[in-house]
1. Quick one: go through segment 91-112 and flag any residue whose amide nitrogen is under 18 Å from the point 7 Å out along the Cα-to-Cβ line of residue 137.
2. Can you give the FRET efficiency for residue 80 and residue 47, using 1/(1 + (r/R0)^6), R0 = 30 Å, r = Cβ-Cβ distance, to the nearest 0.05?
3. What GluC sites (Glu not before Pro) does segment 77-157 have in DSSP loop regions with at most 11 other beta carbons within 10 Å?
4. Grab the Cα-Cα distance for residue 2 and residue 61, subtract it from 0.36 nm times how many residues apart they are, and report the gain in nm with one decimal.
5. For the pair residue 129/residue 110, report the inter-label distance in nm, with labels modelled 7 Å from Cα in the Cβ direction.
6. Apply the Karplus parameterisation 6.51 cos²θ - 1.76 cosθ + 1.60, with θ equal to phi minus 60°, to every residue of segment 99-104 and state each ³J(HN,Hα) to the nearest whole Hz, in sequence, with x for glycine and proline.
7. Is there a pair in 66/128; 87/148; 128/151; 53/87 whose C-alpha atoms are over 23 Å apart, and which pairs would that be?
8. Which FRET efficiency value, to the nearest 0.05, do you get for residue 12 and residue 69 by plugging their Cβ-Cβ distance into 1/(1 + (r/R0)^6) with R0 = 30 Å?
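Read-outs: derived from the displayed coordinates by stated rules, not from any lab. On a predicted model such as this, the values are computed, not experimentally measured, just so you know. Cβ placement follows ideal geometry from the backbone for every residue including glycine, while neighbour counts extend to all protein chains displayed.
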Amino acid sequence: MTSEQLKNRLNSKVESINNERKNVIMSENAITTNQGYVALKSNTIDIIRQNLKNQPLSLQLFDTVKSPSGGSTVFTVPGIAGDEIEKSITGIILDYTTPRAYWETSDPVEGTPPTCYSRDSLVSFDGKACCHCPFNDFGSKDGESNAKACKECGTSV
């Protein structure tokens, strides 16, 4: 490749990068790319509070969508007429938790409440640290596999 070809190729790359930058629209509250994705700035929570007219901001204001589990590939989304099934969703993840649950029996009957649980995988319902729990150790399920006795499942809000 000659130096002239290399120079033209480099100029083409620089021009392409500059065009991409022009496609990013900056507003006072958010950055929107030409693909339609929005990155919220640090003052977003203040704007939401203004729109709520000083009502308390809580997770109950937002819909909770659980991650598909058990081999499922669809989301269950709350709707006006009940839950709706969606193959894909677009939104902003406000929170992601990894709740845990432990049952004393290895095969609990469906609907049986867990012996112990944690909403955030950090602290159990009774205030104990999950990181120090023996049921959170690999191999605690049955001693033969490397599985944990305390099961994890993800939830997004």
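1. Only 102-104 fall inside the zone, counting backbone N under 18 Å.
2. Plugging the Cβ-Cβ distance into 1/(1 + (r/R0)^6) gives 0.70.
3. 104, 110, 144
4. Details: separation 59, 0.36 × 59 = 21.24 nm, distance 6.17 nm.
Answer, rounded to one decimal: 15.1 nm.
5. Each label point lies 7 Å from its Cα, and together they span 3.8 nm.
6. x, 10, 8, 10, 10, 5
7. Details: 66/128 25 Å; 87/148 30 Å; 128/151 16 Å; 53/87 35 Å.
Over 23 Å apart, Cα to Cα: 66/128; 87/148; 53/87.
8. Taking R0 as 30 Å, the efficiency between residue 12 and residue 69 is 0.05.
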